Amino acid sequence: MENCFSYKVFFTTTVTCLSIIYSLTAFGQTIKLAGTIKDNREVLQGVQIKEKQTGKKATTDADGRFEMDVDANANIQISAKGYLDQTLQLNNQQLVNVKLSPDSNDLHKLLIKKIKQIEPYAHFLQAEKQAVIKLTPAYYQARLTFVKDVYFENPHVQNPDKALKVFLDYCKAQNLLNNHQEQFAKAARTLGFELITDASPVNMDKMIPASTAYRNIAYTTPNGYSQKLDLFLPKSVAGKAIPCVVFMHDGGWAVHKRAWFEAHARYLAAKGYAAINIDYRMIDAVTPLQSVYDAKAAVRWVKANAQKFNIDTNKIGACGASAGAHLAAILATSGNDPKLEGDGDNLKFSSKIQAAAGFATPTLTGRKTWPIGNGDILPDWFDKISPYKHVSPDDAPMLFIHGSADNTVAVEEPVDMFKRYKENGILTELEIKEGKGHVFYMDMVVMESAYEFFQKVFNGGK
């Protein structure tokens, strides 16, 4: 009888243990879930990811990424302000990449808000009052369609011209425009450029884990409209302050694409630098003189915030391509010229830098190699922002990398500048890439050369 009781107890205990083990295996297996949340336009920061069964939460970082430990078969709810909630059944899925759809009402409100935010810069609403004869509901719908197209449906285009043409053609077909239509078209194009965005054309998957992003920081607000920057820092920094390089994108002073140089910035962040990508004001709204003002304001922002981000203010560099390379060169050569400090913020700080690197650099020599096709008359801002004409012995060292077959910015531009630097006894290097045209710099090969140059300068020319 006692043996029988012991057997029953043993059997019951065994069955119970097996049931618990089965339950844990079937329903309680924990996995590390990782993923990225984005929309049509960009990665989304601050999105909440919630395990519905337990209430466990995570939030996306500035790269739209998150990680959390969850049940393998959990229901995950993804929520972000202005977007429709999305629920996922994991089914042992460990990596999720989700695209959220906007709430239509919220998107409409956001688009109207964006137009008003950009108004101090684009003056679109002002031009609309002068040029549009009758503001009908159909006109407002056409305007909304244009803004929605360039902001959300096709934000990664090179320029807004396709959607702009549809909008302007509608206005003309309906006889809505008077003799101010040229000004209206210019303002609408400026608005469109401010609304489009872009991702880096270079794969950054290996560099992202080595850097921390801080996005959409306003660094200067001339006339009530902020220019933004993205800051990238190394994941781990040993005690001492680190160098910083300010990156300025290309695009003929006409295109806002700071994301084009995100891979370049992250490359340096992975090497232990602070790196900054900036937007700057564009033609048609301003002239390149105001672009220079913004570049200098970005350097001043770095110095004003150096302590917060552990940046060495004696090791600040600038790097850019094409129009951005021009800005890097004028930063290198104009130091603290009060005539070029402009209308930006943090004016008590110096805009002087210690090193620069330029890819396909227009140095504005005045020999008509750039701007090509400009005839005999150069614009009035040309000499004011000519790096070539600002060269003096106390300028920052600069690296020039240029394609021998560049048909946009002739190779004589950096060659002349290199000679001028040599004559003034300033450290400089010139690398001519045989057979390369204007855009050769969208890879990390040129960044390796730039990094080595910055290292040489920041380490005392060694």
Quiz item: Label THR197 and LEU84 with points 7 Å out from Cα along Cα→Cβ: what is the distance between them in nm?
Solution: 2.0 nm
Quiz item: From the backbone phi of the range 234-241, what are the Karplus-calculated ³J(HN,Hα) couplings (6.51 cos²θ - 1.76 cosθ + 1.60, θ = phi - 60°) in whole Hz, Gly and Pro given as x?
Solution: x, 4, 10, 10, 6, x, 6, 5
Quiz item: Helix 323-334 sits at what angle to the longest principal axis of the chain, using alpha carbons and giving 0 to 90 degrees rounded to 10?
Solution: 60 degrees
Exercise. With θ set to phi - 60°, apply the Karplus curve 6.51 cos²θ - 1.76 cosθ + 1.60 along the range 170-183 and write out the HN-Hα couplings as whole Hz, x wherever there is a Gly or Pro.
Key: 4, 4, 6, 5, 8, 6, 8, 10, 9, 6, 9, 5, 5, 4
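Provide the convex hull volume over Cα atoms per residue for the range 171-284, in Å³. Each step should come with its number before you reach the end.
Details: hull volume 14.4 nm³, N = 114.
Convex hull of Cα atoms, per residue: 126 Å³.
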Exercise. Show that you can apply the helix-only estimate: for the chain, add -39,500 (n - 2.57) for every DSSP H stretch of four or more residues, divide by all residues, and state [θ] at 222 nm to the nearest 500.
Key: -11500 deg cm²/dmol
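So, with a 1.4 angstrom probe, what is the percent of accessible area on the chain that is carbon and sulfur?
Details: 11060 of 21670 Å².
Of the solvent-accessible surface of the chain, carbon and sulfur hold 51 percent.
So if R0 is 25 Å, what FRET efficiency would SER101 and GLN183 give, r being the distance between their Cβ atoms, rounded to the nearest 0.05? Walk me through the numbers before you get to the answer.
Details: r = 36 Å, r/R0 = 1.45.
Calculated value: 0.10.
Around ASN73, under 15 Å between beta carbons, what's the net of Lys plus Arg minus Asp minus Glu among the other residues? Don't skip to the end; give the middle numbers.
Values: positive: LYS32, LYS52, LYS56; negative: GLU51, ASP69, ASP71.
Net local charge, ASN73 excluded: 0.
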Practice problem: Report, to the nearest 10°, how far helix 288-304 tilts away from the longest principal axis of the Cα atoms in the chain, using its own Cα long axis and a range of 0 to 90°. | Solution: 50 degrees
Quiz item: Expressed as an acute angle from 0 to 90° and rounded to the nearest 10, what is the orientation of the C-alpha long axis of helix 104-122 relative to the principal long axis of the chain?
Solution: 20 degrees
Quiz item: What number comes out for the charge environment of PRO338, summing +1 per Lys or Arg and -1 per Asp or Glu over other residues with Cβ under 14 Å away?
Solution: +3
Quiz item: Taking 0.36 nm per intervening residue step and subtracting the Cα-Cα distance, what contour gain separates ASP169 from THR59 on full extension?
Solution: 35.2 nm
Quiz prompt | Fraction in percent of alpha-carbon pairs per bin - 10 Å, the chain | solution = 4, 18, 25, 22, 15, 8, 3, 2, 2, 1, 0, 0
Exercise. Note down the nm distance, to one decimal, between modelled labels 7 Å out along Cα→Cβ at LYS339 and at LYS114.
Key: 4.0 nm
Quiz item: Taking the Cα-to-Cβ direction at TYR214 and at THR30 and moving 7 Å from each Cα, how far apart do the two end points lie in nm?
Solution: 3.3 nm
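Going from most exposed to least, what order do HIS249, HIS108 have by accessible area with a 1.4 Å probe? Before the final figure, lay out each step's value.
On the way: HIS249 5, HIS108 85 Å².
The ordering from most to least exposed comes out as HIS108, HIS249.
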Quiz item: For the chain, what is the percent of antiparallel DSSP beta bridges, rounded to the nearest 5?
Solution: 50 percent
Quiz item: Using modelled backbone amide H atoms (1.01 Å from N, in-plane), which distant-in-sequence or interchain residues come within less than 5 Å of GLU431's amide H?
Solution: PHE400, ILE401, HIS402
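Accessible area per residue for the chain in Å², computed with a 1.4 Å probe and the full protein assembly in place, what is it?
47 Å²
So in the range 194-302, what percent of DSSP beta bridges are antiparallel if you round to the nearest 5?
Working: 11 of 16 bridges.
That works out to approximately 70 percent antiparallel.
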Quiz prompt | Net charge of Cβ neighbours under 11 Å - reference PHE349; Lys, Arg +1; Asp, Glu -1 | solution = +3
Self-check item: Eligible aspartates and glutamates near LYS303 by straight Cα distance, threshold 15 Å, same-chain separation 8 or greater
Solution: ASP294, ASP312, GLU341, ASP345
Practice problem: Report the residues of the range 317-337 in range of a label on ALA405: point 7 Å along Cα→C-beta, backbone N strictly under 20 Å from it. | Solution: 322
Exercise. Could you pull the accessible area for GLU434 with a 1.4 Å probe, rounded to 10 Å²?
Key: 150 Å²
Quiz item: For ASP312 and VAL157 in the same chain, what is the full-extension length gain: residue separation times 0.36 nm, less their Cα-Cα distance, in nm?
Solution: 52.1 nm
Practice problem: Heavy atoms only, probe 1.4 angstrom, no DNA, RNA or ligands counted: give me ASP149, ASP294 ranked by accessible area, highest first. | Solution: ASP149, ASP294
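The values are calculated or read from the model by the stated rules, or taken from the named source; none is laboratory data. Since we're looking at a predicted model, the values are computed, not measured. When we count neighbours, we look across all protein chains shown, and the Cβ atoms used for this are built from the backbone with ideal geometry, even at glycine. Keep in mind that these areas ignore ligands, DNA and RNA; they rest on the heavy atoms of the full protein, side chains included. Shrake-Rupley method; radii C 1.70, N 1.55, O 1.52, S 1.80 Å.
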